[in-house]
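All of the numbers you see were taken from the coordinates with simple rules; none came from a lab. Keep in mind that this is a model prediction, so the values were computed, not measured. Note that each Cβ is placed from the backbone with ideal geometry, even for glycine, and that neighbours are counted across all protein chains shown.
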Amino acid sequence: MPNTREPQLAVIVGAARSGTTLLRSLLDSHPDIGCPAEAGLPALLSHARRVWATVCASGDPSIIDPQRAPQVDTPAPVIQLPPYAEREIRRVALAVMKSYCQDGEKRIYCDKSLDNGQHLPMIFHVFPGARCIIIVRHVMDTIASGIEASPWGFDAYGYAPFVYASPENTVMALARYWEMQVSLALAWQESNPNTCFRLRYEDLVRHPETTLTEVFRFVDVAPDMSVLARAFGRFNPASGPGDYKLAFTGEITTASIGRGKQVPVAMVPLPLRERLNELLAQLGYSPLTDAWNAEPHAHRSASTEVRSQLTRLMVWRGDGNWEYDIDRVAIVADDDPQLRWTIDPRAGIIRQGDGEVDLVLTGTSEDLARLIRGDENPGVLLRSGRIRSVTAEKEHEPLIHSPRMISSLIEHLTDRSGNGTRVGGRPVKCCDPS
């Protein structure tokens, strides 16, 4: 005889590209938790309530204005309905929850929908005993991931309204999206601290066992670290929306931490940056400063092989032919504080260490090595933000966009031969457009 016990409800709240799919897969692998793909249960509840409100308002127009649509950046209003309507709406939701939880085999149903933050008041109205798991990630990393995941447009993940509002600045659009999602989540947590648990994506991937133990205790299930092995094999992208990367992932990795360094902070307007910094401070993240793109990664480190390779490449082969109004240049690997060089192009001197400079070129040690070796077009590396350039004075800013200056710098760091540079025995043109 099937178990008719009602499953408890938990919801995952987080901005897109913040690790919600990874967390959902880990939770769904627990024997007591059922967490499907983005089924949109809260949106179903909201729609059902609006349908009931329309029907009920036909007999009593004072109940509510059923035509009021929820706003993107505010929680949907809680529509007050007669008790019989409330029971029917809850019954519909429970039918879905019980079905996925295999009629009692799993006692917790967890919903992972990207618009959950906009439905929290209504969710807790229908299910007063629900629990809220908030997952956050540094805003710049979510922006970098969102842009990477949207090569052909921004119709997915809830980005569209924000991109339509500022199509000329996608970075600002996705920053505003993150600000909305995080603001809703933190406001709800502040008002309902006993029913909320917050974690950071960075902590989940760096310390999965410790972080998951806290999550499992919050939802009142026994910690089970076997989910770390089961979660990836169970993921099926055909089952519903989610992170496309997870289908090609076999284990938790920290490789995505810090990729937001390639997002140009100058594209975030100062008033919005100030608001983001308020939220980042609450979450324990480093703030966005003017030097954000040149500052080192907090959680990444260069491999021994790449570190050694870059060190061998950093030899200045000066010929006195330096025509630019830049007296000192620094090349800095943002994933290793020891990999820093200062160059005096006119004197033909390069030395390892810090110093006052006019221009800084920065990127991961691997991307800097690719730039100097000529493995990839410098324009691609610069435009993608994998290599960033920062000047100390405003008057030098035009030079950071000068292909000739960047090309000259690269050529002086390589063996010159003929019309190109010789790397590994093959001629390479610094700015070969292919």
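The HN-Hα couplings worked out from phi for region 174-185 by the Karplus form 6.51 cos²θ - 1.76 cosθ + 1.60 (θ = phi - 60°) are 6, 5, 5, 4, 4, 4, 5, 4, 5, 4, 4, 5 Hz, whole numbers, x standing for Gly and Pro. Listed from fewest to most Cβ neighbours within 10 Å, the set E411, E209 follows the order E209, E411. A cut-off of 5 Å between modelled amide H atoms, ignoring neighbours fewer than 5 places along the same chain, links I134 with V13, F197, R198, L199.
Taking each residue as 0.36 nm, the span from E295 to A222 lengthens on full extension beyond its C-alpha to C-alpha distance by 22.2 nm.
Let me know the shape class of region 8-255, please: from the alpha-carbon gyration tensor, a ≥ b ≥ c as square roots of the eigenvalues, rounded when a/c is under 1.5, otherwise prolate if a/b is greater than b/c, or oblate. Cα axes put region 8-255 in the oblate bin. Using a simple spin-label model with pseudo-atoms 7 Å out from Cα toward Cβ, S402 and L313 lie 2.3 nm apart.
Sorting 332-338, 109-115 by average packing, meaning the other beta carbons within 10 Å per residue, from highest down gives 109-115, 332-338.
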